[in-house]
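Novice: Here it is, the structure in full.
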Amino acid sequence: MSDEGGSLSACPTTGGACPTTGGSNGCLSHSPLTTRYSPRNCTFAPNKNYAMDIKNNILETIGNTPLIKLNKITRNLPCTVAAKVDYFNPGNSIKDRMAVKMIEVAEKEGKLKPGGTIIECTSGNTGMGLALAACVKGYKCIFTTTDKQSKEKVDILKAVGAEVIVCPTNVEPDDPCSYYSVARRLAKEIPNSFHCNQYDNLANRLAHYETTGPEIWKQTEGKITHLVCTAGTGGTVTGTAMYLKEKNPAIQVWAIDVYGSLLTKYFRTGEVDMNEVHPYISEGFGEDFVPDNYNMSVIDHFEQVTDKDGAIMARRLAKDEGIFCGYSAGSCIQGLLQIAGNEKFALKKDDLVVCIFHDHGSRYVAKIYNDQWMMERGFMDVKTFKDIVSGRAAKQKLVTIEPGHTVAEAVDMMRKYDIEHIPVINGNGLVGAISESGLFQKVFSDPDIKNAKIEAVMEPAFPVVDYNTPIEKLRTLINKDNGAVLSKDEAGNYHIVTKYDVIQALGN
Ligand SMILES: Cc1ncc(COP(=O)(O)O)c(C=O)c1O
């Protein structure tokens with residue numbers, strides 16, 4: 001049998017023609033499904049040699065994540081850009097790697113003993129990795145996090161058995177209420193506990209030195225020229241860069257930071273300037289102190305990205321590349337594009353840039369992937385009733401009908417103007433509405449409906465809203481009982497917006 005999906009094997013039962021599939025070349029252990037999904041006609045090829053491949057536990061699936069070429073979002077760059085997409089890890093983030101490493105090192109050093117409690121301050125991803133390891137290895141987990149983190153992240157940690165304590169964001173790191181201080185205090189109070197301290201625990205960067213770096217080197221056959229990576233604890237960028245620079249010191253390492261973090265200024269000047277620090281919305285990277293995991297000598301450049309630009313770019317990644325990543329992946333690409341626009345760093349045709357994407361977009365569905373959230377923060381333009389009307393190609397006068405007209409006349413108008421909704425107006429203004437769906441329902445109880453007067457069959461008038469009402473609000477007014485909304489423009493003319501207008505506007 002060819003394992004590339006060519007001719008099929010003899011039947012293992014008869015040694016020749018298969019009685020189930022009916023032909024001498026028609027058996028792959030009797031299953032028509034295995035034939036259909038053979039590598040030749042399927043993009044997700046089955047295990048070629050059909051050898052038993054069972055992982056001993058979930059931790060064995062960490063690492064060996066794919067490197068995926070970006071095809072659209074970086075098309076204006078002269079070189080190849082590939083993403084190390086680490087949401088393929090079982091905890092959906094790159095932090096699984098260092099979480100397990102921190103536990104392994106603590107076990108080896110006798111700092112974590114059977115039945116012990118793992119304590120950590122984590123924005124979620126490290127916690128997920130630690131919780132998975134704790135499940136497999138039989139430890140308890142207590143995590144402290146900030147009220148800035150998405151609720152989904154906290155709920156996910158609870159789902160895998162962790163206890164989560166949410167602390168305020170806007171306090172100094174050494175404030176007793178900060179999530180750093182609370183973790184430190186718990187580690188002192190709880191017997192047989194181990195505070196991982198991902199910031200200063202060098203097992204963090206060691207994990208990336210031992211896995212992320214070598215994987216990238218191998219996957220690029222040593223041709224990588226640039227590494228681009230968001231930086232928080234510094235473990236990912238430092239550990240990966242340390243390995244890659246050992247292999248080839250010419251590789252350029254660009255760390256991506258966020259406005260509101262002090263890391264960039266520290267990198268440029270060596271000064272820990274608290275004036276740089278202000279609250280930011282981006283999650284997972286940037287810091288208000290310099291963790292011990294940094295070795296700035298392996299980093300060539302730091303670039304800051306705004307909350308808005310990172311969020312918009314993450315959404316583009318999902319739409320353009322089908323890579324549904326977290327906030328920091330958007331910031332990573334935004335940072336790369338900013339740097340590439342600087343002559344000093346000009347990329348060349350033969351360069352091979354690797355960007356690290358830390359986590360999955362599912363943790364941000366209520367945030368950057370939610371239009372309302374984006375609009376409230378000014379990251380997305382708020383579209384209004386007025387925008388929909390202004391965007392129409394032809395300025396059409398609102399089609400209306402009077403209560404004394406017949407259904408047949410209304411149907412003629414619908415056909416003529418290709419519309420489904422007609423407001424009913426008399427001398428006093430809006431008195432009702434006619435809709436195609438409403439008429440359709442009434443046809444069954446009154447087959448002679450076409451001769452009925454509009455006033456006998458009309459529905460309640462469409463709601464009237466302010467001309468600047470946001471689309472999000474219109475969406476709540478349009479439902480199965482009410483297919484449209486009306487509003488008056490500055491000159492006093494009525495316009496109509498239907499559910500199709502709203503759907504179209506939301507899709508743009
Ligand atoms: C989503 C996300 N992006 C980026 C980072 C930054 O990685 P590191 O802490 O290794 O610098 C983190 C770290 O928690 C993260 O969770």
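Novice: Taking only C-alpha pairs under 8 Å that are 6+ residues apart, what is the relative contact order of the range 296-345 in percent?
Specialist: 37 percent
Novice: Next up: In the range 300-362, which trypsin sites (Lys or Arg not before Pro) fall in coil by DSSP and have 13 or fewer other Cβ atoms within 10 Å?
Specialist: Taking the range 300-362 and a limit of 13 other Cβ atoms within 10 Å, the loop trypsin sites (Lys or Arg not before Pro) found are LYS348, LYS349.
Novice: With +1 on each Lys and Arg Cβ and -1 on each Asp and Glu Cβ, how big is the dipole of the range 146-231 about its Cα centre, in debye rounded to the nearest 20?
Specialist: Dipole magnitude for the range 146-231 comes out near 140 debye.
Novice: For the range 388-471: lysine pairs with Cα atoms under 24 Å, gap of 8 or more or different chains, count?
Specialist: Count of close lysine pairs: 8.
Novice: Calculate the tail of P(r) for the range 384-508: the fraction of all Cα-Cα distances greater than 21 Å, expressed in %.
Specialist: Tail of P(r) above 21 Å: 38 percent of Cα pairs.
Novice: Here's another thing I want to ask about it. Net charge around ARG377, counting only other residues with Cβ within less than 10 Å of its Cβ (Lys, Arg = +1; Asp, Glu = -1)?
Specialist: Counting the neighbours of ARG377, the net charge comes to 0.
Novice: Next question, about the same structure. Please compute the contact order of the chain in relative form: average sequence separation of alpha-carbon pairs under 8 Å and at least six residues apart, divided by the residue count, as a percent.
Specialist: 11 percent
Novice: Now, a different point. Going toward the positive end of the dipole of the chain, with +1 on Lys and Arg Cβ and -1 on Asp and Glu Cβ, which of LEU477, GLY127, ASN248 do you reach last?
Specialist: ASN248
Novice: How many percent of all Cα-Cα pairs in the range 186-299 sit more than 20 Å apart?
Specialist: Cα-Cα pairs of the range 186-299 separated by over 20 Å account for 46 percent.
Novice: Write down the accessible area per residue of the chain in Å², having rolled a 1.4 Å probe over the full set of protein chains.
Specialist: Accessible area per residue, the chain: 48 Å².
Novice: Sorting check: for 295-307, 89-101, 62-74, which peptide has the highest mean count of neighbouring beta carbons within 10 Å, and how do the rest follow?
Specialist: Answer by packing, highest mean first, reads 89-101, 295-307, 62-74.
Novice: Please work out, to two decimal places, the log10 of the ratio I(q)/I(0) at q = 0.14, 0.22 Å⁻¹ from a Debye calculation in which every Cα of the range 213-271 carries one identical scatterer.
Specialist: Here log10 of I(q) over I(0) equals -0.41, -0.85.
Novice: If you wrap a convex hull around the C-alpha atoms of the range 342-387 and split its volume per residue, what is the figure in Å³?
Specialist: Convex hull of Cα atoms, per residue: 176 Å³.
Novice: For the chain, give the magnitude of the charge dipole about the Cα centre (Cβ charges: +1 Lys/Arg, -1 Asp/Glu; no others), in debye to the nearest 20.
Specialist: That gives a dipole near 1020 debye.
Novice: Further question on the same structure: So what are the three principal axis dimensions of the chain from its Cα atoms, in whole Å, longest to shortest?
Specialist: 89, 79, 53
Novice: Related question: Of VAL443, GLY322, TYR139, which is farthest towards the positive pole of the chain's charge dipole, taken about the Cα centre with +1 and -1 on the beta-carbons of Lys, Arg and Asp, Glu respectively?
Specialist: Farthest towards the positive end: GLY322.
Novice: So, one more: Rounding to the nearest 20 debye, state how big the charge dipole of the range 262-348 is about its Cα centre with +1 on each Lys and Arg Cβ and -1 on each Asp and Glu Cβ.
Specialist: 400 debye
Novice: While we're on this one: Which whole-number percent gives the relative contact order of the range 448-508, counting Cα pairs below 8 Å spaced six or more residues apart?
Specialist: So the answer I get is 28 percent.
Novice: Moving on to the next point. Over the Cα atoms of the range 232-367, compute the convex hull volume and normalise it per residue, giving Å³.
Specialist: Per-residue hull volume (Cα only) is 119 Å³.
Novice: THR144's amide H: which non-local residues (gap 5+, or another chain) put their own amide H closer than 5 Å, with H modeled 1.01 Å from N in plane and none for Pro or chain starts?
Specialist: GLU120, CYS121, THR122, ILE165
Novice: Based on the Kirkwood radius over alpha-carbon pairs, what is the Stokes-Einstein translational diffusion coefficient of the range 92-225 at 37 °C with 0.692 mPa s viscosity, in µm²/s?
Specialist: 213 µm²/s
Novice: Using amide H atoms built in the peptide plane, which far-off residues or other-chain residues are under 5 Å from ILE68 H to H?
Specialist: Residues meeting the criterion, in which the H sits 1.01 Å from N, are ALA83, LYS84, VAL85.
The values are calculated or read from the model by the stated rules, or taken from the named source; none is laboratory data. Here the structure is a predicted model, which is why all the values come from computation and not from measurement. Glycine also receives a Cβ, built like all others from the backbone with ideal geometry; neighbour counts cover every protein chain displayed. For the accessible areas, the whole protein counts, side chains as well, though only heavy atoms, and no ligand, DNA or RNA atoms are used. Shrake-Rupley method; radii C 1.70, N 1.55, O 1.52, S 1.80 Å.
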